[in-house]
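Peer 1: Before I ask anything, let me first share the structure, which is written out below as structure tokens.
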Amino acid sequence: MFSFKLGLKNLTRQKRRNILIILVIAFAFSSYLLMDSLMNGMEEMSFDNIKNYDTGNIQVAYPEYWEDREELLLENLIYLNQDMEESIKSADGLLGVSPELRFKANLNNGIDEVAVRGVGISIEQYNQVFATQNYVVEGSMFAPGESKAVIGVSLAELMDLKVNDYITLLVRTKEDTFNTIDIEIAGLVRAPNPMINNGIVFVPLDVARQALNVGNAVSMITLKTVSGDEDKVTKELTDSFKNKNLDLKAYSWKESASSVIALSAAKKGGIGAILSVVLLIGMLGIINNVILSALERTSEIGMMKALGMREWEIVFVFMVEATGIGILGGLTGCLLGYAGVSALVKYGFSIAYIGGDGSQFGIPILDRIYGAWNYPAFSFLFILGVVIAVLSSILPAYWAAKKDPVKAIYHR
Amino acid sequence: MALLELNKVKKIYQQGKIEVPALRGVDLEVEEGEFTTIFGPSGSGKTTLLNMIGCLDTPTEGEVSLSGKKVSDLSKKALAMVRRFNIGFVFQAYNLIPVLTAYENVEFAIRLTDHSSESQMKEKVLKMLAEVGLKGLESRRPNELSGGEKQRVAIARALVKEPKIVLADEPTANLDSETAADVVNIMRKMNKELGTTFIFSTHDPAVMKHANRFINLKDGMIFADERGK
């Protein structure tokens, strides 16, 4: 089709302007792809960090405790019995079970005091569920039967503490009387989840139970499953508890992380807004280009009309040109985006550049966000870009094609 | 039956509240194969008359008929089709497409009307370019051609679709006298060889003398209409 050929050849006119528009579109597209990659990477890392260092894949607790779990109250605790253990063990696909006793405490180094969250853990079971042990940077996790503590490096820096120092945890017992836990630091941990580093003290479960005077109670039981099986196992456990007339309930990590998920959804909304801006930039670029081309080629349009070309045939010539710009801009944008996303996936983006760690922005990521590949975003953006290019060229092209032939021919 | 008939054609342009008459009732008949020149002072209505004949514009009053068919009250779409199949144009400023070669500029016109095979179409385009003396220059773009060569491409573009009539508005105005004579000779040659009707406007007496009919336009009316040899 000759009009198609002419449209393509017209791409070689006004090279500088076309290249500029192609670059603007490419920059907008690649920026979107980078933001999308960063957001997806941040979401993946946030969810991994929640699962691997805070909630496990599933948490089992009494609903009354669960609702107020952030209060760290010593009420509605679980007193483990045979029925509970059987129900939990009967669930398919469990890779680890870790009981936890969470409590409020004030950490005292002899000079200063700071509020922390104490977590009583059974170290062998904890290690089956969480990956914290892999991030001990000084000392080690305490051994089974050892009465020592593990704290985060940020907390240690804040309180000027090192391995083998003694700390005092001031706690309130179940009866609301004061008690203390004097304990030696076995190790310092620097986990990818900043919450672990900033304000948590891990102590042996039996030490915590004794200090809090709660018998064999735990706050909750965290479970590790194969990733993706959470919902199935959660349902299975809840059914099992119901069958045994236990008031316990299983909660998938998604319920624990609802605030982070909501934040992630809000960020995706932000990405949608960025996408709209990107497409608007592309659209304005194309419209601007078609209008300028039509103004420059007025007498040529007149000649086309004199030759007997119909309006839609002239529109088609401009649309081919605009589509070509959309395709080239989209391709360049995807190539730039590919390079940028590759770098983000490999090297990541340091949160330190914008100050502090992720916890300051409500995301459970310590210091570096890595991008994630989202291949459909590339094809989606490219196709959408071309469609927008075609659509946004139609009106200005019709405006050009509707010119009065006499005025157009003698236009100077 | 005349190829072209104009019956009391008037054209009035509205400029704000003022009406400016460009044609004041033109009656004209042009037979097939004529080589007609329209001349007259600036503002006499030459271009307006050519636009009416070329179906680029419609008269305010009166009728224009081509091959006996009234075209003056056709829709824009229908007028485009009349132009596509029946009329060729040659403009003073050539109006070639700069990104296309000489060959492609001519091919552009024939593609709109001719649906014969690629090889036949190619043959027609090459033949037409050779006829206007552009053999060997087919692959040059307009910026690689002289003014005269550009106008020859425009003539080839107008003729390649074998129209009933070719309209040329001051086709030699941008050319030096020698080149202008060449261009008008080519037009005359094509008129004789193909029998195509030519109507062209000019100010140049040297160009005018090649015509076999002379229409003198003055104040939007035909002042004189003479036939030569």
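Peer 1: Hey, can you tell me all the residues within the stretch B:57-91 that are closer than 21 Å to B:Lys150 by Cβ and facing another protein chain (nearest Cβ under 9 Å)? Working first, answer last.
Peer 2: In the first step, residues of the stretch B:57-91 are kept if they are closer than 21 Å to B:Lys150 by Cβ; the result is B:87-91.
Correct list: B:Ile87, B:Gly88, B:Phe89, B:Phe91.
Peer 1: Show the residue pairs that are 6+ apart or on different chains and have beta-carbon atoms under 9 Å apart, the first residue being within the stretch A:128-146 and farther than 17 Å from A:Asp54 by Cβ, the second being among the hydroxyl-bearing types (Ser, Thr, Tyr) and surrounded by 16 or more Cβ atoms within 10 Å (Cβ to Cβ).
Peer 2: Note: pairs meeting the criteria are A:Pro144/A:Ser122.
Peer 1: Sticking with this one: Return the only residue of B:Ser201, B:Ser139, B:Ser117 being surrounded by fewer than 20 Cβ atoms within 10 Å (Cβ to Cβ) and modelled with pLDDT of 90 or more. Can you show your working first?
Peer 2: Details: B:Ser201 fails: surrounded by fewer than 20 Cβ atoms within 10 Å (Cβ to Cβ); B:Ser117 fails: modelled with pLDDT of 90 or more.
Matching residue, one of B:Ser201, B:Ser139, B:Ser117: B:Ser139.
Peer 1: Now for a different question. Scan B:Gly54, B:Gly68, B:Gly62 and give me the residue that is surrounded by fewer than 16 Cβ atoms within 10 Å (Cβ to Cβ) and either of a type outside the set (Gly, Ala, Ser) or closer than 15 Å to B:Leu28 by Cα (or both). Explain how you work it out, then say what you get.
Peer 2: Numbers: B:Gly54 fails: surrounded by fewer than 16 Cβ atoms within 10 Å (Cβ to Cβ); B:Gly62 fails: surrounded by fewer than 16 Cβ atoms within 10 Å (Cβ to Cβ).
Of B:Gly54, B:Gly68, B:Gly62, the one residue that is surrounded by fewer than 16 Cβ atoms within 10 Å (Cβ to Cβ) and either of a type outside the set (Gly, Ala, Ser) or closer than 15 Å to B:Leu28 by Cα (or both) is B:Gly68.
Peer 1: Out of B:Phe85, B:Phe89, B:Phe108, I need the residue that is surrounded by fewer than 19 Cβ atoms within 10 Å (Cβ to Cβ), of a type in the set (Phe, Trp, Tyr), closer than 21 Å to A:Met309 by Cβ and at pLDDT 90 or above. Which one?
Peer 2: On the way: B:Phe89 fails: surrounded by fewer than 19 Cβ atoms within 10 Å (Cβ to Cβ); B:Phe108 fails: surrounded by fewer than 19 Cβ atoms within 10 Å (Cβ to Cβ).
Criteria check complete, one pass: B:Phe85.
Peer 1: Would you confirm whether or not the stretch B:186-196 contains a residue that is without any contact (Cβ under 8 Å) to a residue 40 or more places away in the chain, under 30 Å from B:Asn216 (Cβ atoms) and outside any helix (DSSP H, G or I)?
Peer 2: no
Peer 1: Test of understanding: among A:Gly308, A:Gly302, A:Gly337, which residue is away from chain B (no Cβ under 13 Å) and either more than 42 Å from the chain's Cα centre (by Cα) or buried (at least 22 other Cβ atoms within 10 Å of the Cβ) (or both)?
Peer 2: On the way: A:Gly308 fails: away from chain B (no Cβ under 13 Å); A:Gly302 fails: away from chain B (no Cβ under 13 Å).
Of the residues listed, the single one that is away from chain B (no Cβ under 13 Å) and either more than 42 Å from the chain's Cα centre (by Cα) or buried (at least 22 other Cβ atoms within 10 Å of the Cβ) (or both) is A:Gly337.
Peer 1: Additional query: Condition test on B:Ala102, is it out of contact with any His (no Cβ under 6 Å at 6 or more places or on another chain), buried (at least 20 other Cβ atoms within 10 Å of the Cβ) and more than 7 Å from chain A (Cβ to nearest Cβ)? Before the answer, list the steps.
Peer 2: Numbers: out of contact with any His (no Cβ under 6 Å at 6 or more places or on another chain): yes; buried (at least 20 other Cβ atoms within 10 Å of the Cβ): yes; more than 7 Å from chain A (Cβ to nearest Cβ): yes.
Considered against the rule, which asks whether it is out of contact with any His (no Cβ under 6 Å at 6 or more places or on another chain), buried (at least 20 other Cβ atoms within 10 Å of the Cβ) and more than 7 Å from chain A (Cβ to nearest Cβ), B:Ala102 comes out as yes.
Peer 1: Something else: For the stretch A:140-156: of the residues being part of a helix (DSSP H, G or I) and touching a strand residue (DSSP E or B) at 6+ places or on another chain (Cβ under 9 Å), which is surrounded by the fewest Cβ atoms within 10 Å (Cβ to Cβ)?
Peer 2: We begin by selecting, within the stretch A:140-156, every residue part of a helix (DSSP H, G or I); these are A:153-156.
Checking which are touching a strand residue (DSSP E or B) at 6+ places or on another chain (Cβ under 9 Å) leaves us with A:153, A:155-156.
Values: A:Val153: 19, A:Leu155: 21, A:Ala156: 23.
Filtering first and then ranking leaves A:Val153.
Peer 1: I'd like the full set of residues that are within 14 Å of chain B (Cβ to nearest Cβ) and free of Cβ contacts under 8 Å to residues at least 40 places away in the same chain, limited to the stretch A:1-34. Full working, then the answer.
Peer 2: Going through the stretch A:1-34, the residues within 14 Å of chain B (Cβ to nearest Cβ) turn out to be A:1-15, A:18.
Passing the criteria: A:Met1, A:Phe2, A:Lys5, A:Lys9, A:Thr12, A:Lys15.
The values are calculated or read from the model by the stated rules, or taken from the named source; none is laboratory data. Keep in mind the model is a prediction, meaning the values are calculated, not measured. Cβ sites come from the backbone with ideal geometry, for glycine too, and all protein chains shown count toward neighbours.
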